[in-house]
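Encoded as structure tokens, the structure appears first; notes follow it.
Where a number appears in this text, it was derived from the coordinates with a stated rule and is not lab data. Everything quoted here is computed from the prediction, not taken from an experiment. Note that each Cβ is placed from the backbone with ideal geometry, even for glycine, and that neighbours are counted across all protein chains shown.
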Amino acid sequence: MERTEEELVDLTSRVYKLVVERGKDGVLQSEIWKELGLTSRDGSRLAIRLERRGLIGRVKVLEEGRWTYKLTPLRFPTDMASIEKAPCIVCQFESKCSIDGEIGPYNCPWIGPWAMKEFRELTQTVAPVTT
Ligand code: SF4
């Protein structure tokens, strides 16, 4: 089934958000596809979109005897305006928040929508790329 452009933009935002959340060490693309319920074909198309826009890097790696790609963020939504709007700045749980804790970015209800909004604003300044 062919996805609409709106669905593709939303999924691209979600892929970017997850890659950013995993940090500079990157993440295997298969983990992202699994989390979002994407086929490897659809996922790869979205990752290539983000790579062409200079938002993420794709590096071929050998993982458990199979070649795959590791995705790393190349650009973070970290200009001052976005930092000022980041939910973490005013979050009451900030002192208890950590990557592997009970409260953290993986289960935070505020960081995802903020990252997606930042992504949309960021990509509006970059020329569209056709796949
Ligand atoms: S990631 Fe979420 S829970 Fe953690 S400090 Fe930021 S807003 Fe708060």
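Positive-end ranking of G112, G37, V90 along the dipole of the range 5-123, with charges on Cβ about the Cα centre, is headed by G37. Applying a threshold of 21 Å to the alpha-carbon distances of K34/K85; K34/K70; K34/K117; K17/K117; K34/K60; K24/K60 flags K34/K85; K34/K117 as lying beyond it. Overall, the chain carries a charge dipole of about 440 debye about its Cα centre when +1 sits on the Cβ of Lys and Arg and -1 on the Cβ of Asp and Glu, all other atoms neutral. Summarising the amide proton neighbourhood of Y69: residues at separation of 5 or more, or on other chains, whose placed amide H is nearer than 5 Å comprise Q29, S30, V61. Against the main long axis of the alpha-carbon atoms of the chain, helix 5-22 sits at an angle near 60°. Sequence-ordered 3J(HN,Hα) estimates for the range 48-63 from the Karplus curve with 6.51, -1.76 and 1.60 and θ = phi - 60° stand at 5, 4, 5, 5, 5, 7, x, 8, 9, x, 10, 10, 6, 9, 8, 10 Hz, glycine and proline given as x. Karplus-based coupling profile of the range 106-123, in residue order and whole Hz: 6, 10, 6, x, 9, 5, x, x, 5, 4, 5, 5, 4, 4, 4, 5, 5, 6, with θ = phi - 60° in 6.51 cos²θ - 1.76 cosθ + 1.60 and x standing for Gly or Pro.
Across the chain, the longest piece that holds none of the chymotrypsin sites (Phe, Trp or Tyr not before Pro) lying in DSSP loops with up to 15 other C-beta atoms within 10 Å covers 1-92.
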